[in-house]
Amino acid sequence: MYKATKLIAISALTLSTVCGATLAVNQPAAQVQTVKAAAKETTLGSGTYKVGTDIKPGRYVITSQSGSGNMSDSENMNIILGDTVDDDSGQVTSYTTYLPKGDKVKIDGIEAVNFKPVTGRSYKTTLSAGSWVVGKDIKPGRYTIKCTERSGNLASDDGDINEIIGTSTDEDSGQVTKTTQTLHRGEVLTCDAQQIQLIKK
């Protein structure tokens, strides 16, 4: 997301008649300003950081540049991040999410973490680990959601979806390979499996 300031000049054209003649009178222009928060690429090491101070608010793809460890925030992110996939620990290679102003991000045991701004959004049917908004990243509708790489938690912010999903079943943990759900506009789908696929019903 880039910071965008748009000025829209609105001119009112007033018509009046004086002695049978029509005069055009321009009224003062009113300005409407639209400002969007700007995500900015940055790389940080182990520590605790505040969004709005250390990290610009915005939507990011977060990756490890060196090492692996825990990463969390005060919203809903709680992952093991590294430069390789590790199914035993649930480690993922990237996480896509929105970081709002005031959020606190904690990095443990990772030497360098890169935050790269998301510059465009479109409907996808293959998703990596992260938080995805129905209506922005996912087309609303009914889907079979299938795990295609590794395993992890799959949940929605409205509580309708709460599964452990993987490429194989696990009766001990309750892990399934797929789930069929209706995704509604505005719903946020969060996944910490390396990759899932949405198959339209």
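The values are calculated or read from the model by the stated rules, or taken from the named source; none is laboratory data. Keep in mind that what you see is a predicted model, and the values were worked out from it rather than measured. All Cβ positions, glycine included, derive from the backbone under ideal geometry; neighbour counts span all protein chains shown. Accessible surface areas use protein heavy atoms only, side chains included; no ligands, DNA or RNA. Shrake-Rupley method; radii C 1.70, N 1.55, O 1.52, S 1.80 Å.
Only residues that are within 23 Å of VAL85 (Cβ to Cβ), open to solvent by 60 Å² or more (accessible area, probe 1.4 Å) and either assigned to a strand (DSSP E or B) or at pLDDT 95 or above (or both) were counted in the range 171-194, giving 1.
For the range 85-96, which residues satisfy the criterion of being without any contact (Cβ under 8 Å) to a residue 40 or more places away in the chain and under 19 Å from GLY45 (Cβ atoms)? Please lay out each step first, then the result.
Step one: of the range 85-96, the residues without any contact (Cβ under 8 Å) to a residue 40 or more places away in the chain are 86, 88-89, 91, 94, 96.
Scanning the range 85-96 gives GLN91, SER94.
Tell me the residue from ARG142, ARG150 that is of a type in the set (Lys, Arg), open to solvent by 50 Å² or more (accessible area, probe 1.4 Å) and within 24 Å of SER72 (Cα to Cα), please. I'd like the intermediate steps shown before the answer.
Details: ARG142 fails: within 24 Å of SER72 (Cα to Cα).
Within the list ARG142, ARG150, the selection yields ARG150.
Name the one entry in ALA21, ALA38, ALA29, ALA9 that is modelled with pLDDT of 50 or more, over 27 Å from GLN195 (Cα atoms) and of a type in the set (A, V, I, L, M, F, W, C). Please lay out each step first, then the result.
Details: ALA21 fails: modelled with pLDDT of 50 or more; ALA29 fails: modelled with pLDDT of 50 or more; ALA9 fails: modelled with pLDDT of 50 or more.
Unique residue meeting the criteria: ALA38.
Do we find that ALA155 is at pLDDT 95 or above, within 25 Å of VAL51 (Cα to Cα) and more than 12 Å from the chain's Cα centre (by Cα) in this structure? Judged against the criteria, ALA155 is a match. Of all residues in the range 154-170, exactly one satisfies the criterion of being closer than 15 Å to ILE138 by Cα and outside any strand (DSSP E or B), namely ASP157.
Within the range 34-73, which strands (runs of 3 or more DSSP E) (wholly inside it) include 2 or more residues that are touching a residue at least 12 places away in the same chain (Cβ under 8 Å) and surrounded by 15 or more Cβ atoms within 10 Å (Cβ to Cβ)? Can you show your working first?
Working: elements: 42-44, 47-50, 58-73.
Here the list reads 42-44, 58-73.
Inside the range 74-84, residues that are polar (S, T, N, Q) and either crowded, with 18+ Cβ neighbours inside 10 Å or over 22 Å from THR126 (Cα atoms) (or both) make up a count of 1. Can you find, within the range 85-135, the residue that is farthest from the chain's Cα centre (by Cα) among those that are buried (at least 18 other Cβ atoms within 10 Å of the Cβ), more than 17 Å from GLY69 (Cα to Cα) and of a type in the set (S, T, N, Q)? Per the stated criteria, the residue is SER128. In the range 150-167, the residue that is farthest from ILE80 (Cα to Cα) out of those that are in contact (Cβ under 8 Å) with a residue 12 or more places away in the chain and small (Gly, Ala, Ser) is SER156.
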